[in-house]
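*Asks:* Below you'll find the structure I mean.
Read-outs throughout are calculated quantities, based only on the coordinates presented, and are distinct from any laboratory measurement. The shown structure was predicted, so the numbers you read here are calculated from the model rather than taken from an experiment. Every residue, glycine among them, receives a Cβ derived from its backbone with ideal geometry; neighbour counts consider all protein chains shown.
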Amino acid sequence: MNIFRLAGDMTHLASVLVLLLKIHTIKSCAGISLKTQELFAIVFASRYLDIFTDFISLYNTLMKLIFLGSSFSIVWYIRRHKLVRRSYDKDQDTFRHYFLLLPCFILALLINEKFTFKEVMWTFSLYLEAVAILPQLVLLQRTKNIDNLTGQYVFLLGAYRGLYILNWIYRYFTEPHYVHWIPWISGLVQTLLYADFFYYYFESWKNNKKLQLPA
Amino acid sequence: VEQESLKDEL
């Protein structure tokens, strides 16, 4: 494992911890899109089907369990916890996220590296992860006061994707036959979706102002 | 091996 990959995984882990901190400690999910969180739960459930069949490393299994457990508990918190659900911006979080599922699934059926159940589900999870942030970005645009934790959460998610691209570049030059167009292109699309957010995040940081996205 | 090498990522 190279440094970019490890840093990517750690920023991903940090993003989850920041979100759990906000939800569990402050008992608030204001500014957080349930739609995006549900998509992430589906992403991990369909990607980690191999968790009990293929052992890669203890690190790999543990991280998979963490991402599965955290994504489903976040969805549970926002839907079921009586205090947290009260802070949920339901009227603002209107992105029709179910409409992303079918196109991603059809694309996975058509474009994949191997036509097997596990492989198609894995590819589906890549396509879905690429667009899963969209409801969250739309919600951010509508939020007047983006709190620091929400801003940091989205920043860490974007950083994780950027670091994964550096990891792929590194692996491409250090490992023989390391060519994977499907995750690369969907990963690139996913990272580009954060470009706009990053711009305003750094602007607000530079000028020491509160983060606000233009509608 | 080539096909599976990406499955070590998360």
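*Asks:* Mind checking which helices in chain A clear 15 Å along their axis (Cα) and have mean Kyte-Doolittle hydropathy of 1.6 or more, DSSP H runs only?
*Replies:* Counting only whole DSSP H runs, the qualifying helices are A:98-110.
*Asks:* Of the trypsin sites (Lys or Arg not before Pro) in region A:93-176, which ones lie in a loop per DSSP and count no more than 15 other C-beta atoms within 10 Å?
*Replies:* A:Arg96, A:Lys114, A:Lys144
*Asks:* OK, next. Which entries in the list A:Lys90/A:Lys118; A:Lys27/A:Lys90; A:Lys27/B:Lys7; A:Lys114/B:Lys7; A:Lys64/A:Lys144 go over 24 Å, if you measure between the two C-alpha atoms of each?
*Replies:* As for pairs spanning more than 24 Å Cα to Cα, those are A:Lys90/A:Lys118; A:Lys27/B:Lys7; A:Lys64/A:Lys144.
*Asks:* Once you wrap a convex hull around the alpha carbon atoms of region A:16-141, what is its projected area averaged over all directions, in nm²?
*Replies:* 8.3 nm²
*Asks:* Across bins of 5 angstrom width beginning at 0, how are the C-alpha pair distances of region A:167-215 distributed, in whole percent?
*Replies:* 5, 18, 17, 14, 11, 11, 11, 8, 4, 1
*Asks:* Let me ask you something else. As an exercise, find the ratio Rg/Rh for chain A from alpha-carbon atoms, using the Kirkwood inverse-distance average for Rh.
*Replies:* Over the Cα atoms of chain A, Rg/Rh equals 0.96.
*Asks:* Follow-up question, since we're still on this one. Quick check of the Kirkwood formula: for region A:72-127, what is the inverse mean of 1/r over all pairs of different Cα atoms, in Å?
*Replies:* Mean inverse Cα-Cα distance, inverted, gives 13.5 Å.
*Asks:* Do any trypsin sites (Lys or Arg not before Pro) in region A:47-92 lie in a loop, going by DSSP, with at most 11 other beta-carbon atoms within 10 Å of their beta carbon, and if so which?
*Replies:* Loop-located and lightly packed - A:Lys82, A:Lys90.
*Asks:* Which three extents, in angstrom, do the Cα atoms of region A:26-95 have along their principal axes, listed largest first?
*Replies:* 42, 25, 16
*Asks:* Let me ask another. Taking chymotrypsin sites (Phe, Trp or Tyr not before Pro) as exposed when DSSP calls them loop (any state but H, G, I, E, B) and at most 11 other Cβ atoms lie within 10 Å, what is the longest stretch of chain A free of them, the sites themselves excluded?
*Replies:* A:116-215
*Asks:* While we're on this one: Based only on the alpha carbon positions, what is the Kirkwood hydrodynamic radius of region A:104-192, in angstrom?
*Replies:* Evaluated over region A:104-192, this radius sits at 14.7 Å.
*Asks:* Which one, A:Phe115, A:Pro183, A:Tyr200, projects farthest toward the positive side of the charge dipole computed for region A:85-215 from Cβ point charges (K/R +1, D/E -1)?
*Replies:* The residue sitting most towards the positive pole is A:Tyr200.
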